[in-house]
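Structure first, commentary second.
The values are calculated or read from the model by the stated rules, or taken from the named source; none is laboratory data. Computed from a predicted structure; not experimentally measured. So basically every Cβ, Gly included, is an ideal-geometry build from the backbone, and we count neighbours across all protein chains shown. Surface areas here come from the heavy atoms of the whole protein model, side chains and all, with no ligands, DNA or RNA. Shrake-Rupley method; radii C 1.70, N 1.55, O 1.52, S 1.80 Å.
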Amino acid sequence: MATIGFIGLGNMGLPMARNLVKAGHRVQGFDMADAQVQALVADGGVEADTAAGAVDGAEVVITMLPAGEHVRTVYGESVIGRVPAGTLLIDCSTIDVESARAVAADAVAAGLEMVDAPVSGGIAGAAAGTLTFMVGGPDASFARAEPFLQVMGKTIVHAGGAGNGQAAKICNNMILGISMIAVSEAFTMAEKLGLDTARLFAISSKASGQCWAMTNYCPVPGLVEAAPSNRNFTPGFTASMMLKDLTLAEDASEAVHAATPLGREAARLYRDYVESGHGAVDFSGIIQMLREA
Ligand code: NAD
């Protein structure tokens, strides 16, 4: 069993850290919100007063932070240059590819091993230990990280070198954002054309329009039992989170001159939805904005 420093015990990090505790690891947790640290302690974790305290004596450091700036700050100020050579660093936050590669390069230069390992699966997946991890980093670092990721997830995929986990995450979520809008548009048009949405679902869920946004997360209620549309769009995955990922995709596509016209349009529509006060609503709620348009 390992000593793990876990920094960032929010909606995702806390249940992930709990699963590591349950698996028998010593988890030294730190979050800027003390209540989150106390929640981990109540479940068998060890309290750390600072990020530096969390990584003291740890063989593995795991972070689950909001964005690239937080990751750069935490690794720059409290991890790299402090932990001994050979320490394994796993960043599970969803951040920009550039920050992920810059932090990994600093880590490697300091004799550390690092992978970026963003997740999909949401809060429910974090609690159940069924997350999907998309991992970027050298083969040897991936091999070391895999047993820890298996405690927190079900599907672990090595996406290539440093930053490729983040690249996979934003490419996947760009597909999801675009396809949710496509499904929302089609079902709204069906309603206006007098086509029963249940009939459209029966056809399209088996035909060439089939996609995850429709069959697992249908924005029209009554068609997919587990979909947030059945619970008045309680998240799930918030529209703000989708906007964050689409903005990361927009920035990345600009940096590498990739043409992503639909990705940009999806970001624009989610920006409108979030700015109209719907940031905390599930991202499938965008159908409401399209209905009213
Ligand atoms: P969250 O805001 O609930 O948690 C982030 C935590 O980090 C907070 O508790 C905050 O206090 C803490 N924090 C911020 N700066 C810190 C610092 N310098 N030192 C220590 N703690 C600090 O967010 P979340 O929902 O847990 O998401 C975390 C990451 O996972 C994000 O990058 C998000 O995009 C990604 N993600 C979230 C979901 C989801 O469904 N919530 C799904 C997939 C990926």
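Assorted remarks:
- Cβ-Cβ under 6 Å pairs, at least 6 apart or on other chains, the range 80-101 side within 19 Å of residue 149 (Cβ to Cβ), far side open to solvent by 20 Å² or more (accessible area, probe 1.4 Å) and more than 14 Å from the ligand (Cβ to nearest atom): 88/113; 88/144
- When the residues of the range 214-228 are filtered to those that are within 16 Å of the ligand (Cβ to nearest atom) and open to solvent by less than 40 Å² (accessible area, probe 1.4 Å), the one that is nearest to residue 172 (Cα to Cα) is 217.
- Some residue of the range 134-150 being over 17 Å from residue 8 (Cα atoms), within 16 Å of the ligand (Cβ to nearest atom), of a type in the set (Val, Ile, Thr) and at pLDDT 95 or above: yes
- Unique residue being within 12 Å of the ligand (Cβ to nearest atom) and either touching a His at 6+ places or on another chain (Cβ under 6 Å) or among the hydrophobic types (A, V, I, L, M, F, W, C) (or both) when the list is 58, 51: 51
- The lone exception for residue 135 - which of (1) buried (at least 22 other Cβ atoms within 10 Å of the Cβ); (2) touching a Cys at 6+ places or on another chain (Cβ under 7 Å) it fails: (2)
- Out of 231, 291, 268, sole residue that is within 16 Å of the ligand (Cβ to nearest atom), surrounded by fewer than 16 Cβ atoms within 10 Å (Cβ to Cβ) and of a type in the set (D, E, K, R): 231
- Residue 72 meets the stated requirement of being of a type in the set (Lys, Arg), open to solvent by 30 Å² or more (accessible area, probe 1.4 Å) and within 15 Å of the ligand (Cβ to nearest atom).
- Listed by first and then second residue, the pairs linking a residue in the range 121-132 that is among the hydrophobic types (A, V, I, L, M, F, W, C) to a residue that is more than 10 Å from the ligand (Cβ to nearest atom) and assigned to a loop (DSSP other than H, G, I, E, B), with Cβ atoms under 9 Å apart and 6 or more places separating them unless they lie on different chains, are 124/130.
- Scanning the range 1-34 for residues that are open to solvent by 20 Å² or more (accessible area, probe 1.4 Å), more than 9 Å from the ligand (Cβ to nearest atom) and aliphatic (A, V, I, L, M) yields 1, 21, 23.
- The residue pairs whose first member lies in the range 30-56 and is among the polar types (S, T, N, Q), whose second member is within 9 Å of the ligand (Cβ to nearest atom), and whose beta carbons are closer than 8 Å, counting only pairs six or more residues apart or on different chains, are 36/9; 36/10; 36/13; 36/14; 50/30; 50/78.
- The residues of the range 48-61 that are closer than 22 Å to residue 119 by Cβ and either part of a loop (DSSP other than H, G, I, E, B) or touching a helix residue (DSSP H, G or I) at 6+ places or on another chain (Cβ under 7 Å) (or both), listed by number, are 51, 55, 58, 59, 60, 61.
- Pick from the range 45-89, criterion in contact with a Lys or Arg (Cβ under 8 Å, 6 or more places away or on another chain) and of a type in the set (Gly, Ala, Ser), ranking: farthest from residue 10 (Cα to Cα): 52
- Hits in the range 75-96 - residues which are more than 9 Å from the ligand (Cβ to nearest atom) and surrounded by 24 or more Cβ atoms within 10 Å (Cβ to Cβ): 75, 79, 83, 89, 90, 91
- Of the residues screened, residue 115 is not one that is within 11 Å of the ligand (Cβ to nearest atom), closer than 20 Å to residue 135 by Cβ and out of contact with any His (no Cβ under 6 Å at 6 or more places or on another chain).
- Boolean, residue 251 is under 23 Å from residue 189 (Cα atoms) and either over 20 Å from the mean Cα position of the chain (by Cα) or open to solvent by 30 Å² or more (accessible area, probe 1.4 Å) (or both): no
- Lone unmet requirement of (1) open to solvent by 40 Å² or more (accessible area, probe 1.4 Å); (2) within 11 Å of the ligand (Cβ to nearest atom); (3) not polar (S, T, N, Q) for residue 106: (2)
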